[in-house]
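The values are calculated or read from the model by the stated rules, or taken from the named source; none is laboratory data. Quantities reported herein were computed from a predicted structural model and do not represent experimental measurements. Positions of Cβ are backbone-derived with ideal geometry, glycine not excepted, and every protein chain shown enters the neighbour counts. Heavy atoms of the whole protein, side chains included, go into the accessibility calculation; ligands, DNA and RNA do not. Shrake-Rupley method; radii C 1.70, N 1.55, O 1.52, S 1.80 Å.
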Amino acid sequence: MDAQTPSRDTCDLVHRSASSSCALFMRIQPIDAAHVSTRSPLKGKAMTAGKTTMIFGWRVYGLGVMALGMLCLAWGTFDTGQPVPSDFPGRNALAHAVAAFMLVAGAAVEWRRTVAWGAAALTAYYTLIVIVLMNGRVVLAHYAEYGTYEGIAEQLAIAAGGLIIYAANARIDATLAARLTRLGQLAFGICALIFGGAHFVYMNLTAPLVPKWLPPSQEFWGYATGLGHIAAGLALLTSVRARLAAILLTAMYASFTLLVHGPMLVANPSSHWIMSENALNIALTGAAWVVADSLRPRTAT
């Protein structure tokens with residue numbers, strides 16, 4: 001959103017003693033809202049206070065959500081991260097409707113004219129329906145199991161990515177956009193912490209996913225990626241090297257597709273679960289990329 005350049009008529013109304021200041025103001029216009037920043041009252045570090053310019057992460061994010069929707073349509077069921085009781089009335093029809101919604105909303109994110117609407121719809125759906133309604137009862141029933149929170153974190157990460165995309169593209173006040181962007185960054189940081197903890201809690205499940213040929217050992221990479229998640233989560237929460245952390249997270253998720261999920265799909269191409277894991281990983285890669293985009297340094301023009 002570009003701030004409007006003040007007309008020269010406005011400048012002429014200013015007292016002649018202020019003409020030099022007015023000329024300077026004219027030279028630095030127009031100002032893009034993405035360049036506006038404030039400072040943290042606690043640390044004095046610059047933080048985003050304007051709109052974010054998305055580079056390419058939103059494209060990957062949209063493709064990931066579309067892939068999830070297409071898989072749900074093909075299997076006629078809900079995504080594995082969206083638990084719905086098997087005896088729920090009209091479950092089959094609802095599953096197809098939700099799958100179609102995810103496919104359409106993901107496609108909307110890919111088109112600049114509808115990206116804000118698609119991102120808003122996905123953010124609302126994943127936050128209110130998936131996390132609160134679908135997974136809320138799971139938390140109540142399995143609150144002592146770490147895996148419960150890991151599953152919710154996966155859905156929250158998708159919601160966080162959608163929120164940041166919405167803030168960057170919606171016609172809203174720059175200050176509100178900055179607050180929504182920061183909220184999305186914080187949410188993704190919390191998700192990263194939970195993902196990292198899961199590597200340690202479920203090392204018996206994490207290590208076997210690492211290719212055996214990758215030195216020095218499967219356990220090493222299981223712990224290393226767990227620590228990487230935790231370090232990245234802390235960086236996002238504290239705004240210390242946050243963009244570097246988001247970039248490394250994006251690269252790590254992309255490597256998961258190449259080294260883990262992709263080979264698993266080749267070995268078992270008919271597995272719905274493996275396909276869903278691939279689609280989910282693409283969506284998470286896109287979400288991490290979106291976070292990295294939102295943390296790009298701004299320079300005045």
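Structural remarks
- Applying the condition of being outside any helix (DSSP H, G or I) and out of contact with any Leu (no Cβ under 7 Å at 6 or more places or on another chain) to segment 57-80 and asking which residue is farthest from Val139 (Cα to Cα) yields Gly76.
- Among (1) over 25 Å from Ser276 (Cα atoms); (2) touching a helix residue (DSSP H, G or I) at 6+ places or on another chain (Cβ under 8 Å); (3) not aliphatic (A, V, I, L, M), the one test that Asp173 misses: (2)
- Total residues in segment 198-248, condition closer than 24 Å to Thr148 by Cβ, open to solvent by 40 Å² or more (accessible area, probe 1.4 Å) and of a type in the set (S, T, N, Q): 1
- Among the numbered conditions (1) of a type outside the set (Phe, Trp, Tyr); (2) modelled with pLDDT of 95 or more; (3) surrounded by fewer than 17 Cβ atoms within 10 Å (Cβ to Cβ), the only one that Ser86 does not meet is (2).
- For segment 260-281, a tally of residues being open to solvent by 60 Å² or more (accessible area, probe 1.4 Å) and of a type in the set (A, V, I, L, M) returns 2.
- Residue within segment 98-112 that is surrounded by fewer than 16 Cβ atoms within 10 Å (Cβ to Cβ) and modelled with pLDDT under 95 present: yes
- Flag: Leu180 matches the condition of being in contact with a Leu (Cβ under 6 Å, 6 or more places away or on another chain), open to solvent by 30 Å² or more (accessible area, probe 1.4 Å) and within 22 Å of Leu284 (Cα to Cα).
- Filtering segment 160-171 to residues that are buried (at least 24 other Cβ atoms within 10 Å of the Cβ) and without any contact (Cβ under 8 Å) to a residue 60 or more places away in the chain leaves Leu163, Tyr166.
- Listed by first and then second residue, the pairs linking a residue in segment 72-83 that is closer than 16 Å to Tyr149 by Cβ to a residue that is open to solvent by less than 40 Å² (accessible area, probe 1.4 Å) and hydroxyl-bearing (Ser, Thr, Tyr), with Cβ atoms under 8 Å apart and 6 or more places separating them unless they lie on different chains, are Thr80/Ser276.
- Qualifying position, being β-branched (Val, Ile, Thr) and closer than 17 Å to Val65 by Cβ, among Thr175, Thr181, Thr114: Thr114
- Among (1) among the aliphatic types (A, V, I, L, M); (2) open to solvent by 20 Å² or more (accessible area, probe 1.4 Å); (3) at pLDDT 95 or above; (4) over 20 Å from the mean Cα position of the chain (by Cα) - the single one Ala46 does not satisfy: (3)
- Condition check for Trp117: at pLDDT below 95 and either closer than 28 Å to Phe56 by Cα or open to solvent by 10 Å² or more (accessible area, probe 1.4 Å) (or both): no
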